[in-house]
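**Student:** What follows is a single structure, and I will ask about it in a moment.
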Amino acid sequence: MSNTLENLRRKIVGAQQLESVVSTMKAQAAANIGQYETAMKALSDYERTVELGLTACFRQSAPISVNERSDESMNDIAAVVFGSDQGLVGQFNDRLAEYVQTKLDALPGTKTLWAVGERVCGRLADAGFTVKRIFEVPGAITSITSLIGQILTESVINRRQGEFSSLFIFHNRSEFGTVYEPVCQQLLPMDATWQHSLAQADWPTRNLAEIIGDATAPALRALIREYLFISLFKACAESLASENASRLNAMQRAEKNINDLLKNLKQTSRTLRQGSIDEELFDVIAGYVLSTEQRNQGKKF
């Protein structure tokens, strides 16, 4: 009995230590979510400024196709997939890989993928895709800019070399709390309908912006670079927020399971301890009854 109680005590201590670790990871995930959501809110103002600049350019120029390839008939596709490097994220990478496969299988041409994260890279390789480049997932908000710079630099080089004509990005986006959904965005070539909608958008003031002289083309190229940067930065931040939301959800489930386990272990421990006390009481009572009977028998003689 004492051996069983000692085992239960060790299990309870282990469960309590695990609960402490889970609680810490839960708090860290919640803090990270707030960090990335704050970055996205801050980015929205700059995104609005870039859109206004593009609106001014599109008002003065015809829609463009940001395509430096001469063989327009080619349908080669490159896709950047933002996944995760760490575990405890549930179906985060699996659902994203399935979504990527569903979307890209419906498109013609050769597909080349760049994966952000070792784990999603494995899922994409299992799905039959060629993963040309693997990027490390940023560990903090300050590391996102460096990652996006690498992606943009390589995309420009590969596009000029004629390795692809279309560029897509795939990532998970938080919807409600810990709920997230995979999404897709086509960055290149730029959609003519989107350009037309910007050109027709209402200007926030009565004084319409105007680009003086022949500066429309340089200004447009600079704004497009910023638009691509913002789109990739936003996708990465949304992916990181979703990853932490998935981890938070996993930690909440783990915390509930640990609490249930602790409850059962403590109940079992109390039951065994009470049983041990009852046995000792029974032994004392039995010994008292026996000694009383023996004394009574001695008095008779």
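The values are calculated or read from the model by the stated rules, or taken from the named source; none is laboratory data. Note that the coordinates shown come from a computational prediction; the quantities given were computed from them, not determined experimentally. Don't worry about glycine lacking a Cβ; one is built from the backbone with ideal geometry, like all the others, and counts go over all protein chains shown. Please note that ligands, DNA and RNA were not included when accessible areas were found on the heavy atoms of the full protein model with its side chains. Shrake-Rupley method; radii C 1.70, N 1.55, O 1.52, S 1.80 Å.
**Student:** For the stretch 81-160, rounded, prolate or oblate, judged on the Cα gyration tensor with a ≥ b ≥ c (square roots of eigenvalues), a/c < 1.5 rounded, else prolate if a/b > b/c? Don't skip to the answer; put the middle values down first.
**Tutor:** Details: a/c = 2.27, a/b = 1.06, b/c = 2.14.
Oblate, because a/c is 1.5 or more while a/b does not exceed b/c.
**Student:** Within the stretch 81-149, what whole-number % of the accessible surface is contributed by carbon and sulfur, with the 1.4 Å probe and all protein chains included in the calculation? Could you put the intermediate results ahead of the total?
**Tutor:** Values: 1530 of 3250 Å².
Roughly 47 percent, rounded to a whole number.
**Student:** Still on this structure, please answer the following. Tally Lys and Arg at +1 and Asp and Glu at -1 over the other residues with C-beta under 13 Å from the C-beta of Gly122: what net charge comes out?
**Tutor:** -2
**Student:** Let me ask something else. Return the long-range amide H neighbours of Arg173 (sequence gap of 5 or more, or a different chain), with a cut-off of under 5 Å between placed amide H atoms.
**Tutor:** Glu181, Val183
**Student:** Still on this structure, I have one more. Taking square-rooted eigenvalues a ≥ b ≥ c of the alpha carbon gyration tensor, is the stretch 205-248 rounded, prolate or oblate, where a/c under 1.5 means rounded and, failing that, a/b exceeding b/c means prolate?
**Tutor:** Oblate, since a/c reaches 1.5 and b/c is not below a/b.
**Student:** What are the GluC sites (Glu not before Pro) within the stretch 126-200 that DSSP puts in a loop, where the Cβ has at most 15 other Cβ atoms within 10 Å? If you can, show how the numbers build up before the last one.
**Tutor:** Details: sites: Glu136, Glu154, Glu163, Glu175; in loops: Glu136, Glu163.
Here the GluC sites (Glu not before Pro) that fit, given the DSSP loop and packing criteria, are Glu136.
**Student:** If contacts are Cα pairs under 8 angstrom and at least 6 residues apart, what is the relative contact order of the chain in percent?
**Tutor:** 31 percent
**Student:** Enumerate by residue number the GluC sites (Glu not before Pro) in the stretch 205-265 meeting two conditions: DSSP loop (anything except H, G, I, E, B), and at most 16 other Cβ atoms within 10 Å of the site's Cβ.
**Tutor:** Numbers: sites: Glu210, Glu226, Glu238, Glu243, Glu255; in loops: Glu210.
Answer by residue number: Glu210.
**Student:** Sticking with this one: What distance in nm separates the simple spin-label points at Leu152 and Thr110, each placed 7 Å from Cα in the Cβ direction?
**Tutor:** Distance between label points: 2.7 nm.
**Student:** So which lysines can Lys26 reach, going by Cα to Cα under 21 Å and dropping same-chain residues fewer than 8 places off?
**Tutor:** Output for Lys26: Lys256, Lys263.
**Student:** Straight-line reach from Lys132: which lysines have a Cα under 22 Å away, not including same-chain ones fewer than 8 places off?
**Tutor:** Reachable lysines: Lys103, Lys111.
**Student:** Also, I was wondering about something else. How long is the chain along each principal axis, judged by its Cα atoms, biggest number first, in Å?
**Tutor:** 131, 48, 28 Å, listed from the longest principal axis down.
**Student:** Would you mind classifying the stretch 144-248 by shape? Square roots of the alpha carbon gyration tensor eigenvalues, ordered a ≥ b ≥ c; an a/c under 1.5 is rounded, otherwise it is prolate if a/b is larger than b/c and oblate if not.
**Tutor:** oblate
**Student:** For Gln91 and Asp126, calculate 0.36 nm times their separation in residues minus their Cα-Cα distance, and state this gained length in nm to one decimal.
**Tutor:** 11.1 nm
**Student:** Carbon-plus-sulfur fraction of the accessible area of the stretch 214-280, 1.4 Å probe, in percent?
**Tutor:** Accessible surface attributable to carbon and sulfur in the stretch 214-280 totals 52 percent.
**Student:** By how many degrees, 0 to 90 and rounded to 10, does the Cα axis of helix 216-300 deviate from the longest principal axis of the chain?
**Tutor:** For 216-300 against the chain, the angle is about 0 degrees.
**Student:** Given the options Ala27, Ala237, Ala286, which has the most mean-square fluctuation in a GNM of the chain, springs set between C-alpha atoms less than 10 angstrom apart?
**Tutor:** With Cα springs under 10 Å in the chain, the top fluctuation among Ala27, Ala237, Ala286 is at Ala286.
**Student:** Taking 41 Å as R0, compute the FRET efficiency from the Cβ-Cβ separation of Asp45 and Ser276 and round it to 0.05.
**Tutor:** 0.05
**Student:** In nanometres, what is the gap between the two model label sites at Glu118 and Asp202, each 7 Å from Cα along Cα-to-Cβ?
**Tutor:** Once both label points are built, they end up 5.2 nm from each other.
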